[in-house]
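Novice: The structure's right below; bear with me while I get my questions together.
The values are calculated or read from the model by the stated rules, or taken from the named source; none is laboratory data. Quick caveat, the model's predicted, so the values are computed rather than measured. Here the Cβ positions follow ideal geometry from the backbone for every residue, glycine too, while neighbour counts run over all protein chains shown.
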Amino acid sequence: MPTISFERLATRAGTLWPLALFVATYPLVALVRLLRRPVRRQPRFLVIQVAKIGDVVCTSGLFREVKRAFPGAFLTVEVLPWIRPLLATNPHIDRLEALVPREATNPIRRVARWVRIAAQDHDYLLLPTPNAGHVLDGWFGLVRRIVSVVETEGRCTTQTRSFEFLRRILFHETPYEEGTLTRAAYARMLEAAGVRGADPRPEHHPPAGARERAASWLRSRGAGPGRELLVGISPGAGNRLKEWEPARFAEVARRLAAEKAARVVAVGSREDRPACEEISRAAGERGIDACGAFDLAGLAGLLSLFDLLVSVDTGPLYLASALGVPVVDISGPIDVREQPPLEAACEAVYVELDCRPCSHVLATARTCRTGHHRCVLDTTPEMVLAACGRLLAPAARRRPAREAL
């Protein structure tokens with residue numbers, strides 16, 4: 001007989017009781033909502049985005065477009081606590097709050113959350129990712145209109161049976177089809193909230209002085225930002241299915257240093273330290289290990305100095321692109337049609353296979369269903385180096401005009 005952990009039971013109970021409360025109180029809450037005043041001319045918006053770095057960066061254009069359409073609007077954004085520094089200096093956000101998912105299972109804290117949302121008196125709740133719990137937050141928080149992206153194939157793991165039940169009565173749907181551009185769905189979501197002609201291209205606003213501090217750090221290690229070719233390599237994947245072998249990254253680093261005279265900077269979190277050490281060693285005296293040297297806010301300052309970033313399809317790739325840095329995207333199983341880093345020059349490196357792509361923005365794959373993992377294993381250092389060469393030629397022409405820090 002399969003066993004179910006207490007933690008799993010608690011989580012399940014924590015997601016079901018708000019739904020039961022919704023059914024029991026629907027007439028009363030619906031009446032209260034009906035009696036509330038209409039949407040303001042300069043509305044109050046709430047955006048809940050509890051994804052990781054890459055997806056948060058890719059939804060950053062929503063914030064700008066809301067303020068473009070409604071300069072007097074008030075915008076609140078909720079993100080995971082560790083993501084908060086990434087958006088702390090975004091000029092379009094009026095209130096930035098941390099959302100701790102586990103707290104949603106605590107009835108007292110959950111009700112307090114609804115009271116807080118209701119007190120903030122929001123006109124619109126925008127949900128870039130389908131989530132029944134967040135829909136209920138908007139309902140009990142008396143948000144006037146809830147707008148959510150809905151994945152049409154029904155493979156999104158957060159489109160649960162509870163979500164399917166709620167979608168029939170509670171919110172405006174923005175359909176999203178796998179293999180299409182996510183920002184087009186975000187534009188339709190904004191239109192449902194009164195934002196016409198939206199172009200939600202990602203952007204990023206590093207903290208003041210972050211670029212200068214990163215340049216000083218690099219100079220202390222012998223690099224010359226703005227005066228020599230600076231290439232970043234980010235080996236961390238956050239998903240084993242997307243991982244490219246550190247030895248292959250190391251070979252790319254070795255050849256970039258030897259053939260392009262590039263200064264190679266390995267970036268990553270503490271979990272990436274062994275890979276970053278191998279990469280920086282391979283580049284010899286032209287290698288720099290920046291693993292763990294910068295927090296999330298400071299990382300943007302470092303990335304902005306690069307002439308090129310080589311990375312698997314993960315957060316730093318999208319952050320660099322939003323900063324205007326050319327990127328080589330080792331795509332592996334990812335569908336590059338959905339969320340391509342188009343804010344700067346980009347080369348997506350992948351192998352054409354019948355089983356690829358298998359991982360999507362709203363339906364992330366964690367294991368190889370065929371077992372051969374060829375989308376990653378057949379991607380060679382030579383393929384990545386060829387992409388680097390295509391992007392570094394224009395970078396070399398640009399470099400003399402760049403500001404020397």
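Novice: Quick test for you: out of 177, 151, pick the one residue that is crowded, with 17+ Cβ neighbours inside 10 Å and not assigned by TED's automatic domain parsing to the domain that holds residue 362. Let's see the steps before the verdict.
Specialist: On the way: 177 fails: crowded, with 17+ Cβ neighbours inside 10 Å.
So the residue among 177, 151 that is crowded, with 17+ Cβ neighbours inside 10 Å and not assigned by TED's automatic domain parsing to the domain that holds residue 362 is 151.
Novice: Could you check region 157-171 and list, in sequence order, the residues that are basic (Lys, Arg) and in a helix (DSSP H, G or I)? Before you say what the answer is, go through the steps one by one.
Specialist: So in region 157-171, the residues basic (Lys, Arg) come out as 161, 167-168.
If the condition is that a residue be basic (Lys, Arg) and in a helix (DSSP H, G or I), then 161, 167 are the ones that fit.
Novice: Can you go through 346, 276 and tell me which one is touching a Ser or Thr at 6+ places or on another chain (Cβ under 7 Å) and either within 19 Å of residue 392 (Cβ to Cβ) or crowded, with 20+ Cβ neighbours inside 10 Å (or both)? I'd like the intermediate steps shown before the answer.
Specialist: Values: 276 fails: touching a Ser or Thr at 6+ places or on another chain (Cβ under 7 Å).
Answer to the check: 346.
Novice: So for region 89-103 (the condition being of a type in the set (D, E, K, R), out of contact with any Leu (no Cβ under 6 Å at 6 or more places or on another chain) and not in a strand (DSSP E or B)), does at least one residue qualify?
Specialist: To start, the set of residues in region 89-103 that are of a type in the set (D, E, K, R) comprises 94-95, 97, 102-103.
Narrowing the set further to residues that are out of contact with any Leu (no Cβ under 6 Å at 6 or more places or on another chain) leaves 95, 97, 102-103.
Narrowing the set further to residues that are not in a strand (DSSP E or B) leaves 102-103.
There is at least one residue in region 89-103 that is of a type in the set (D, E, K, R), out of contact with any Leu (no Cβ under 6 Å at 6 or more places or on another chain) and not in a strand (DSSP E or B).
Novice: Mind checking which pairs have a first residue in region 76-92 that is in the same structural domain as residue 45 (by TED's automatic domain parsing) and a second that is of a type in the set (Lys, Arg) and in a helix (DSSP H, G or I), Cβ under 9 Å, 6 or more apart or different chains?
Specialist: Pairs found: 90/64; 91/64; 91/67; 92/64; 92/67; 92/68.
Novice: Hey, another quick one. Which of the following residues is modelled with pLDDT of 95 or more and not assigned by TED's automatic domain parsing to the domain that holds residue 334: 187, 215? Please lay out each step first, then the result.
Specialist: Working: 215 fails: not assigned by TED's automatic domain parsing to the domain that holds residue 334.
The match here is 187.
Matching residues to (1) within 21 Å of the chain's Cα centre (by Cα); (2) β-branched (Val, Ile, Thr):
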site: 115; (1), (2): no, yes
site: 124; (1), (2): no, no
site: 127; (1), (2): yes, no
site: 136; (1), (2): no, no
site: 140; (1), (2): no, no
site: 147; (1), (2): yes, yes
site: 153; (1), (2): no, no
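Yes/no per residue for (1) within 23 Å of residue 70 (Cα to Cα); (2) crowded, with 18+ Cβ neighbours inside 10 Å; (3) in contact with a His (Cβ under 8 Å, 6 or more places away or on another chain); (4) free of Cβ contacts under 8 Å to residues at least 12 places away in the same chain:
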| position | (1), (2), (3), (4) |
| --- | --- |
| 123 | yes, yes, no, no |
| 156 | no, yes, no, no |
| 159 | no, yes, no, no |
| 165 | no, no, no, no |
| 183 | yes, yes, no, no |
| 186 | yes, yes, no, no |
| 189 | yes, yes, no, no |
| 195 | yes, yes, no, no |
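Novice: Residue pairs, Cβ under 7 Å, 6 or more apart or interchain, first in region 321-333 and crowded, with 24+ Cβ neighbours inside 10 Å and part of a helix (DSSP H, G or I), second among the hydrophobic types (A, V, I, L, M, F, W, C) and at pLDDT below 95. List them.
Specialist: 321/344; 321/346
Novice: So, one more: Checking the structure you have, find out if any residue of region 283-299 is surrounded by 23 or more Cβ atoms within 10 Å (Cβ to Cβ), touching a residue at least 12 places away in the same chain (Cβ under 8 Å) and within 16 Å of the chain's Cα centre (by Cα).
Specialist: yes
Novice: Pick from region 251-261 the residues that are free of Cβ contacts under 8 Å to residues at least 40 places away in the same chain and either in contact with a strand residue (DSSP E or B) (Cβ under 9 Å, 6 or more places away or on another chain) or not in a helix (DSSP H, G or I) (or both): which of them is farthest from residue 335 (Cα to Cα)?
Specialist: Filtering first and then ranking leaves 261.
Novice: Is at least one residue of region 224-240 within 26 Å of residue 64 (Cα to Cα), outside any strand (DSSP E or B), touching a residue at least 12 places away in the same chain (Cβ under 8 Å) and out of contact with any Pro (no Cβ under 7 Å at 6 or more places or on another chain)?
Specialist: no
Novice: Would you call residue 130 surrounded by fewer than 16 Cβ atoms within 10 Å (Cβ to Cβ), under 23 Å from residue 195 (Cα atoms) and not aliphatic (A, V, I, L, M)? Show your work before the answer.
Specialist: On the way: surrounded by fewer than 16 Cβ atoms within 10 Å (Cβ to Cβ): no; under 23 Å from residue 195 (Cα atoms): yes; not aliphatic (A, V, I, L, M): yes.
Criteria not met by residue 130.
Novice: Which of the residues that make up region 29-50 are loosely packed, with under 11 Cβ neighbours inside 10 Å and in a loop (DSSP other than H, G, I, E, B)? Before you say what the answer is, go through the steps one by one.
Specialist: Applying the first criterion (loosely packed, with under 11 Cβ neighbours inside 10 Å) to region 29-50 yields 31, 34-35, 37-38, 41.
Hits for region 29-50 are 37, 38, 41.
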